[in-house]
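Colleague: Quick one: this structure, given as structure tokens, is what I'll be asking you about.
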Amino acid sequence: MPGRIQSLERGAAVLSLLGGASPDLSLAEVADALGLPRPTTHGLLATLVHVGFVQQDGRSRRYRLGAGLTSLQQHGVDRHDLRSTATSWCDSLAARTRAEVLVCVRTGDAAEVVHHVFRPDGSEQRLRVGELLPLHATGVGRALLAASTTGHRALTGPLTAYTARTPTASTRLAGLLDRARAAGFAAAPGEHVPEVGDVGAALRGVGGLPVGAVACAGHVDTLFGPDGVARPEVAQAVTATAAAISRALVTPR
Amino acid sequence: MTGTPGRSVVAAIDQGTTSTRCLLFDHDGQMVSLTQREHRQHYPRPGWVEHDAEEIWRVVERIVPEAVRQAGLEPAQVAGLGIANQRETTVVWDPATGRVLAPAITWQDTRADELVAGLVADGHAEEFRRRSGLTPAGYFAGPRLRWLLDHVPGLRERAGQGRALFGTMESWLIWQLTGGPEGGRHVTDVTNASRTMMMDLRTHTWDPVLLDLLEVPPAVLPEIVPTTGPFGACRTVLPGVAIGGAIGDQQAALVGQTCFAPGEAKCTYGTGAFVLLNTGERIVDSHHGLIPTVAYHLRDQQPVYALEGSIAVTGSLVQWFRDALEMIPTAPQIETLARTVEDNGGCYIVPAFSGLYAPRWRADARGIVVGLTSYVRRGHLARAVLEATGWQTWEVVRAMDADSGIPLAALKVDGGMTANHLLMQFVADVLDVPVERPLVSETVSLGAAYAAGLGIGFWADLEGLRRNWHRAARWTPTIDPEHRAREAANWSDAVNRALGWSPR
């Protein structure tokens with residue numbers, strides 16, 4: 001059995017001490033309570049401040065638990081906060097591109113629709129909120145995959161073929177994700193449903209972590225050129241919208 | 001495309017309770033620019049809420065040119081200007097100097113309540129109802145003007161000599177925009193005038209009998225004009241640009257939602273909620289606590305009326321749930337919490353924090369939570385919070401059906417709470433009609449722009465505007481009718497338990 005790491009244990013002891021302390025503690029108080037030399041204690045505290053788990057008061061120089069600890073418990077962004085923040089940006093995206101707009105979050109091996117704006121053409125449409133889309137065969141799904149640290153390796157199931165254009169080989173999917181990372185958006189024409197496609201870009205929260213993706217979806221002729229490449233004005237509008245929503249997500253309200 | 005070549009946008013000023021915004025819209029009704037600035041709220045005494053109308057005017061002077069610059073346009077490219085405003089807020093000013101003679105008394109202010117109670121005690125309620133269509137309340141602008149005439153030293157004397165002018169917020173802004181002390185036009189739009197308790201709802205003129213009862217000298221009053229004016233042209237801010245329209249904010253939302261046919265209705269969900277139902281050329285006298293009001297009046301056409309129902313507490317109940325009970329970290333997360341359970345668990349919340357508004361108008365009601373058992377969890381309370389907004393909307397819409405005889409076919413919604421899908425589905429379920437959200441959520445500003453654009457010919461007619469309305473989302477009823485009936489009965493029982501609470 002590998003040995004335990006002393007500095008991690010000491011760091012945890014600092015956190016336990018600060019968690020039970022009221023009011024905040026000084027460097028001397030922490031050092032005395034843990035029976036450690038001050039330089040060692042200072043190093044521990046400085047490291048914990050650096051990662052956001054401990055906060056030091058600017059004036060009193062005393063220490064308390066930091067906001068980074070509470071955000072550990074949140075898994076990404078709440079989907080309803082995300083919808084509320086994204087709504088007005090998605091409305092303008094739909095108005096500009098005349099396409100329907102989707103916002104998705106990752107749910108297991110699927111992209112789950114959490115917000116949907118109808119295509120503004122007066123036709124009968126149904127809200128798609130709650131629908132699960134395949135990560136490998138949609139632009140919105142691949143935008144999520146490309147932004148995640150694990151990429152396509154995190155996919156557990158086989159890559160189902162929905163149409164002749166669906167990428168089913170792992171190497172091909174990896175190549176598409178590389179392209180999406182380089183371009184800042186992912187385009188999937190007719191890969192899930194024939195003649196239907198989408199162009200998606202990742203939404204990033206605090207620390208640049210992916211929290212979801214936004215996409216324009218519709219008939220391939222409206223979003224893609226004859227060569228199957230996303231129309232530049234659509235790709236530009238989607239990435240600009242993703243950037244605007246991401247900015248709004250990290251701006252405290 | 002109609003409109004003068006080169007003049008590509010219409011500007012809208014939305015003068016609201018907490019801030020003033022300026023939005024520019026193109027011919028398709030798409031927003032191309034937005035500027036916004038808040039103004040201060042003054043609370044000099046409990047129940048008093050005042051604004052500094054001069055501060056608001058300075059905000060307008062700043063944000064309107066800013067919006068035009070932001071869009072990369074010159075003032076000459078603005079085809080016209082429209083104004084939507086917080087209603088019933090009362091301003092008095094000196095025509096010689098353009099300075100206000102008192103702080104503006106806002107629509108939230110309760111100081112005129114006592115005065116109105118006196119008018120009712122003297123048996124004048126029916127006279128006001130018959131002539132203005134309004135059941136006397138301190139909420140309307142006329143009683144506030146009377147309060148000012150009674151309490152501001154020298155104001156009554158000035159008013160009699162034409163040395164004081166009264167107006168609601170649009171009136172004040174138009175007077176300033178058209179020259180102020182140098183020939184400013186002293187006018188009010190008819191939708192605003194219909195909320196003063198001083199206007200004859202049929203003739204759209206100041207009613208001498210009501211003016212007598214309120215002891216208001218006619219010399220202080222603006223000229224009542226249609227929603228599309230004429231208001232004249234700006235001499236400052238956007239010199240030379242025509243003011244094409246002015247309209248109260250809730251009526252503006254009705255226009256922005258293109259509810260132009262009798263039976264079409266919208267609900268704006270903010271801290272409170274306002275439902276307006278288009279009743280066409282007919283004034284519907286309400287027997288169920290609703291307010292008949294002018295919806296809009298396009299110059300040279302028949303005026304169009306509406307029934308209005310206001311709900312005091314909707315979004316503010318979610319804020320209370322967040323801030324006072326600390327049940328949720330953000331308002332949108334009420335949906336997250338509510339979705340942790342299947343139903344309300346038998347729990348109902350009646351948010352009668354300051355009595356109940358339409359259709360009950362019961363000042364003796366107070367908020368209650370009923371149906372608590374050890375089964376009830378936070379998620380059930382979150383459901384009950386959202387359902388309270390749904391059921392209050394249901395009560396108002398049911399009263400509208402009964403008064404107008406026009407059953408609602410669909411409800412168009414706007415405002416921040418429309419991002420809450422659980423709530424929107426619930427509203428569709430209890431009303432048993434589809435609920436629709438438009439692509440342009442800025443319905444108040446859009447309505448002001450539409451009024452102005454119609455006034456100057458930027459848009460030819462109402463049908464053209466309908467083509468600008470696009471559905472962004474639609475919720476259709478899915479609830480079992482028996483379940484709905486049972487829940488409706490439970491809600492009504494809950495409301496009855498909230499009535500008549502008078503703590504000693």
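Colleague: Give just the number: which of (1) in a loop (DSSP other than H, G, I, E, B); (2) within 29 Å of A:VAL114 (Cβ to Cβ) does A:LEU69 not satisfy?
Modeller: Looking at each condition in turn, A:LEU69 falls short on (1).
Colleague: Also: Among the candidates B:GLU482, B:GLU487, single out the residue that is away from every other protein chain (no Cβ under 14 Å) and without any contact (Cβ under 8 Å) to a residue 12 or more places away in the chain. Spell out how you get there, then give the answer.
Modeller: Details: B:GLU487 fails: without any contact (Cβ under 8 Å) to a residue 12 or more places away in the chain.
Result of the check over B:GLU482, B:GLU487: B:GLU482.
Colleague: Now for a different question. Considering only the range A:215-230, how many residues are closer than 20 Å to A:PHE118 by Cβ and surrounded by 15 or more Cβ atoms within 10 Å (Cβ to Cβ)? Spell out the reasoning first.
Modeller: Of the residues in the range A:215-230, the ones closer than 20 Å to A:PHE118 by Cβ are A:215-223.
Restricting the remaining residues to those that are surrounded by 15 or more Cβ atoms within 10 Å (Cβ to Cβ) gives A:215-218, A:220, A:222-223.
Counting residues in the range A:215-230 that are closer than 20 Å to A:PHE118 by Cβ and surrounded by 15 or more Cβ atoms within 10 Å (Cβ to Cβ) gives 7.
Colleague: Is at least one residue of the range A:200-208 touching a Leu at 6+ places or on another chain (Cβ under 6 Å) and touching a residue at least 24 places away in the same chain (Cβ under 8 Å)? Step through it out loud before you land on a result.
Modeller: Taking the range A:200-208 and keeping what is touching a Leu at 6+ places or on another chain (Cβ under 6 Å), we get A:205.
Narrowing the set further to residues that are touching a residue at least 24 places away in the same chain (Cβ under 8 Å) leaves A:205.
Yes, some residue in the range A:200-208 is touching a Leu at 6+ places or on another chain (Cβ under 6 Å) and touching a residue at least 24 places away in the same chain (Cβ under 8 Å).
Colleague: Picking from B:GLY379, B:GLY416, B:GLY405, which residue would you name as being of a type in the set (Gly, Ala, Ser), within 20 Å of the chain's Cα centre (by Cα) and assigned by TED's automatic domain parsing to the domain that holds B:SER310? Steps first, answer last, please.
Modeller: On the way: B:GLY379 fails: within 20 Å of the chain's Cα centre (by Cα); B:GLY405 fails: within 20 Å of the chain's Cα centre (by Cα).
The match here is B:GLY416.
Colleague: Taking the range B:120-139, which residues are under 22 Å from B:ARG87 (Cβ atoms) and of a type in the set (Gly, Ala, Ser)?
Modeller: Matches in the range B:120-139: B:ALA125, B:SER132, B:GLY133, B:ALA137, B:GLY138.
Colleague: Considering every residue within the range B:94-101, establish whether at least one is closer than 23 Å to B:SER441 by Cα and either in contact with a strand residue (DSSP E or B) (Cβ under 9 Å, 6 or more places away or on another chain) or basic (Lys, Arg) (or both). Show your work before the answer.
Modeller: At the first step, the residues of the range B:94-101 found to be closer than 23 Å to B:SER441 by Cα are none.
For the range B:94-101, residues closer than 23 Å to B:SER441 by Cα and either in contact with a strand residue (DSSP E or B) (Cβ under 9 Å, 6 or more places away or on another chain) or basic (Lys, Arg) (or both): absent.
Colleague: Quick one: which of B:ALA261, B:ALA324, B:ALA265 is modelled with pLDDT of 95 or more and farther than 18 Å from B:LEU422 by Cα?
Modeller: B:ALA265
Colleague: May I ask you to list the residues in the range B:293-345 that are assigned to a loop (DSSP other than H, G, I, E, B), hydroxyl-bearing (Ser, Thr, Tyr) and more than 14 Å from chain A (Cβ to nearest Cβ)?
Modeller: B:THR314
Colleague: Let me ask something else about it. Among the numbered conditions (1) within 12 Å of chain A (Cβ to nearest Cβ); (2) within 30 Å of B:GLY244 (Cβ to Cβ); (3) in contact with an Asp or Glu (Cβ under 7 Å, 6 or more places away or on another chain); (4) modelled with pLDDT of 95 or more, tell me where B:ASN420 comes up short.
Modeller: (2)
Colleague: Look at the range B:471-488 and say how many of its residues are among the aliphatic types (A, V, I, L, M) and closer than 18 Å to B:VAL369 by Cβ. Outline the logic, then answer.
Modeller: Applying the first criterion (among the aliphatic types (A, V, I, L, M)) to the range B:471-488 yields B:472-473, B:479, B:485, B:488.
Next cut, closer than 18 Å to B:VAL369 by Cβ only: none.
So the count comes out to 0.
Colleague: Regarding the range A:130-143, can at least one residue be identified that is within 14 Å of chain B (Cβ to nearest Cβ), free of Cβ contacts under 8 Å to residues at least 60 places away in the same chain and either under 21 Å from A:ALA235 (Cα atoms) or not charged (D, E, K, R) (or both)?
Modeller: Going through the range A:130-143, the residues within 14 Å of chain B (Cβ to nearest Cβ) turn out to be A:130-131.
Within this subset, residues satisfying the condition of being free of Cβ contacts under 8 Å to residues at least 60 places away in the same chain are A:130-131.
Filter once more, keeping what is either under 21 Å from A:ALA235 (Cα atoms) or not charged (D, E, K, R) (or both): A:130.
Yes, the range A:130-143 contains a residue that is within 14 Å of chain B (Cβ to nearest Cβ), free of Cβ contacts under 8 Å to residues at least 60 places away in the same chain and either under 21 Å from A:ALA235 (Cα atoms) or not charged (D, E, K, R) (or both).
Colleague: So, in the range B:429-478, how many residues would count as being away from chain A (no Cβ under 12 Å) and assigned to a strand (DSSP E or B)?
Modeller: Selection size over the range B:429-478: 0.
Colleague: Ok, one more. Right, B:TRP501: modelled with pLDDT under 95, part of a loop (DSSP other than H, G, I, E, B) and within 25 Å of A:GLN125 (Cβ to Cβ) or not?
Modeller: Details: modelled with pLDDT under 95: yes; part of a loop (DSSP other than H, G, I, E, B): yes; within 25 Å of A:GLN125 (Cβ to Cβ): no.
No: the conditions fail for B:TRP501.
Colleague: What are the residues in the range B:272-292 that are outside any strand (DSSP E or B) and more than 12 Å from the chain's Cα centre (by Cα), if any?
Modeller: Just the residues of the range B:272-292 that are outside any strand (DSSP E or B), to begin with: B:272, B:281-290.
Across the range B:272-292, the qualifying residues are B:GLU281, B:ARG282, B:ILE283, B:VAL284, B:ASP285, B:SER286, B:HIS287, B:HIS288, B:GLY289, B:LEU290.
Colleague: Out of the strands (runs of 3 or more DSSP E) lying entirely within the range B:17-111, which hold 1 or more residues that are within 14 Å of chain A (Cβ to nearest Cβ) and at pLDDT below 90?
Modeller: Working: elements: B:19-25, B:31-38, B:78-85, B:90-93.
Passing ranges, in order: B:31-38.
Colleague: Follow-up question, since we're still on this one. Does any residue of the range B:268-281 turn out to be over 20 Å from B:SER445 (Cβ atoms), of a type in the set (A, V, I, L, M, F, W, C) and either surrounded by 22 or more Cβ atoms within 10 Å (Cβ to Cβ) or in contact (Cβ under 8 Å) with a residue 60 or more places away in the chain (or both)?
Modeller: Looking for residues that are over 20 Å from B:SER445 (Cβ atoms), of a type in the set (A, V, I, L, M, F, W, C) and either surrounded by 22 or more Cβ atoms within 10 Å (Cβ to Cβ) or in contact (Cβ under 8 Å) with a residue 60 or more places away in the chain (or both), one finds at least one in the range B:268-281, hence yes.
Colleague: Based on this model, can you work out whether A:THR166 counts as at pLDDT below 90 and in a loop (DSSP other than H, G, I, E, B)?
Modeller: Working: at pLDDT below 90: no; in a loop (DSSP other than H, G, I, E, B): yes.
The answer is no for A:THR166.
Colleague: Okay, next question. Please go through the range B:396-428 and pick out each residue that is assigned to a helix (DSSP H, G or I), closer than 17 Å to B:PRO292 by Cα and of a type outside the set (S, T, N, Q).
Modeller: Step one: filter the range B:396-428 for residues assigned to a helix (DSSP H, G or I), giving B:396-404, B:416-419, B:421-428.
Narrowing further to those that are closer than 17 Å to B:PRO292 by Cα: B:396-404.
Answer for the range B:396-428, where residues must be assigned to a helix (DSSP H, G or I), closer than 17 Å to B:PRO292 by Cα and of a type outside the set (S, T, N, Q): B:VAL396, B:VAL397, B:ARG398, B:ALA399, B:MET400, B:ASP401, B:ALA402, B:ASP403.
Colleague: Considering only the range B:151-181, state which residues are part of a helix (DSSP H, G or I), out of contact with any Leu (no Cβ under 8 Å at 6 or more places or on another chain) and surrounded by fewer than 20 Cβ atoms within 10 Å (Cβ to Cβ).
Modeller: Residues satisfying the conditions are B:HIS151, B:GLU157, B:GLY160.
The values are calculated or read from the model by the stated rules, or taken from the named source; none is laboratory data. Fair warning: this is a prediction, and the values are worked out from it, not measured in the lab. Heads up, the Cβs are rebuilt from the backbone with ideal geometry, glycines too, and the neighbour counts pull from every protein chain shown.
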